[in-house]
Amino acid sequence: MNYISESEYKEQLNEIKRENQSKKRKQDLKKEKRKYSVFAKLPSTSKLMAVYLFVLLNVVLCYAMFMMWRFQDLQCLSVLITDVVAQVLTYFIYSRKATIENQKNGITYELAMMDRQTRQDTEDIEQDDSVG
């Protein structure tokens, strides 16, 4: 075990305090930047998949309507009916999945995160009060 003199102890302690103060200032700057910045949040994969399916099924829908008009034939009508059913089912499945994912013990995810953020803010304020 190495013996640390009082002056060395105070120097190391002051150095650690300066580092911590610097880190705290950097964190405060990041928080302030995030407060007013706009984040372009990417949509989830399931949301992208639902959009892709809607676009693809609408292209098929337009093609079937064009072919019925062009050839004066109603055989493509079965495609139109199944296409609309597929779109409705896709939307229903996606909505159900999103609803289940966004709930935590019966509480929506956003409310749970707001509650968590509020607790963190109060803890930060209490720490600031005890330090100052």
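The values are calculated or read from the model by the stated rules, or taken from the named source; none is laboratory data. No experiment lies behind these values; they were computed from the predicted model shown. Every residue, glycine among them, receives a Cβ derived from its backbone with ideal geometry; neighbour counts consider all protein chains shown.
Restricting to segment 1-28, give me the number of residues that are of a type in the set (Phe, Trp, Tyr) and modelled with pLDDT under 85. Lay out the reasoning, then the answer.
Of segment 1-28, the ones of a type in the set (Phe, Trp, Tyr) are 3, 9.
Now restrict to residues that are modelled with pLDDT under 85: 3.
The total comes to 1.
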Looking only at segment 98-106, decide whether some residue is in a helix (DSSP H, G or I) and touching a residue at least 40 places away in the same chain (Cβ under 8 Å). yes
I'd like the full set of residues that are modelled with pLDDT under 80 and of a type in the set (D, E, K, R), limited to segment 29-82. 41, 47
So which residues in segment 44-63 are within 13 Å of the chain's Cα centre (by Cα) and small (Gly, Ala, Ser)? 44, 46
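Go over the candidates 31, 41 one by one and state the one that is basic (Lys, Arg), within 33 Å of the chain's Cα centre (by Cα) and assigned to a helix (DSSP H, G or I). Show your work before the answer.
Working: 41 fails: assigned to a helix (DSSP H, G or I).
31 is the lone residue from the list that is basic (Lys, Arg), within 33 Å of the chain's Cα centre (by Cα) and assigned to a helix (DSSP H, G or I).
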Just to be sure I understand the filter: pairs with C-beta atoms under 7 Å, separated by 6 or more residues or on different chains, first member in segment 72-87 and exposed (fewer than 10 other Cβ atoms within 10 Å of the Cβ), second member not polar (S, T, N, Q). Which pairs pass? 74/68
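Here are 57, 29, 53: which of them is touching a residue at least 24 places away in the same chain (Cβ under 8 Å), among the hydrophobic types (A, V, I, L, M, F, W, C) and more than 20 Å from residue 98 (Cα to Cα)? Walk me through how you get there before you give the answer.
Numbers: 29 fails: touching a residue at least 24 places away in the same chain (Cβ under 8 Å); 53 fails: more than 20 Å from residue 98 (Cα to Cα).
None of the other options fit; the residue is 57.
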Residues of segment 1-20 being out of contact with any helix residue (DSSP H, G or I) (no Cβ under 8 Å at 6 or more places or on another chain) and of a type in the set (A, V, I, L, M), in sequence order, are 1, 13, 16
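Quick test for you: out of 124, 128, 115, pick the one residue that is at pLDDT 70 or above, charged (D, E, K, R) and part of a helix (DSSP H, G or I).
Working: 124 fails: at pLDDT 70 or above; 128 fails: at pLDDT 70 or above.
Just one listed residue meets the conditions, 115.
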